[in-house]
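Take a look at the structure set out below.
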Amino acid sequence: MYFRKAEIKDAEVLQGFMEELVDAQGDRELLERKLQRIEKLENYYLCLACEGEEILGTAMGILCEDICEDCRNFLVIENVFVKKECRGLGVAAKIFQELETWGKENSAYYSILVSEEKRERAHAFYEKAGYKKMGGFKKMLG
């Protein structure tokens, strides 16, 4: 397994992953524009776990600037997805390791993620990966 940053050529696969993740249809044209933009941003790592030419899973890492203490960055992880047939095989754990290593290399001192309450299996994985469940809030803006 190897990792690479997503490119526009990955739009079709990523759209399928995200549609399954959120159970809603995506906008391919908009996704392609976002991928073009994200490719150029140094603080984004749209990580793909690959085996040969096949994409097994993905997660997005975003480095955020902080102003507390010594102003180190923090890492936000979003859009975690692994193909059904690859779940339970360590793909997500390796994606997290890749993103966390990238975060450390870029002065991130902690990592956070948000997950819908109903995703109990994912929560068990996050806790196994060292994430602690803490209080959090989310407000939809649009």
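Of everything in region 89-106 that is without any contact (Cβ under 8 Å) to a residue 12 or more places away in the chain and more than 17 Å from THR58 (Cβ to Cβ), the residue that is least open to solvent (accessible area, probe 1.4 Å) is GLU105.
Does GLU42 qualify as being farther than 29 Å from GLU12 by Cα and in a loop (DSSP other than H, G, I, E, B)? So GLU42 does not fit the description; no. Remark: TYR109 falls outside the filter, which requires a residue to be crowded, with 18+ Cβ neighbours inside 10 Å and either more than 17 Å from PHE3 (Cβ to Cβ) or touching a Pro at 6+ places or on another chain (Cβ under 9 Å) (or both).
Search region 4-26 for residues that are at positive phi and touching a residue at least 40 places away in the same chain (Cβ under 8 Å) and pair each with any residue that is open to solvent by 50 Å² or more (accessible area, probe 1.4 Å) and outside any strand (DSSP E or B) when their beta-carbon atoms are under 9 Å apart and the residues are at least 6 apart or on different chains. Final answer for the pair search is none. Of the residues PHE125, PHE74, PHE96, the single one that is among the aromatic types (Phe, Trp, Tyr) and assigned to a strand (DSSP E or B) is PHE74. Only one residue in GLU20, GLU39, GLU32, GLU53 is within 16 Å of LYS83 (Cα to Cα) and surrounded by 11 or more Cβ atoms within 10 Å (Cβ to Cβ). Which one? Result of the check over GLU20, GLU39, GLU32, GLU53: GLU20.
The values are calculated or read from the model by the stated rules, or taken from the named source; none is laboratory data. Note that this is a predicted model, so its numbers are computed, not measured. For neighbour counting, all protein chains shown are included, and Cβ atoms are generated from backbone atoms with ideal geometry for every residue, glycine included. When the accessible area is computed, the model is the full protein with side chains, heavy atoms only, and any ligands, DNA or RNA have been set aside. Shrake-Rupley method; radii C 1.70, N 1.55, O 1.52, S 1.80 Å.
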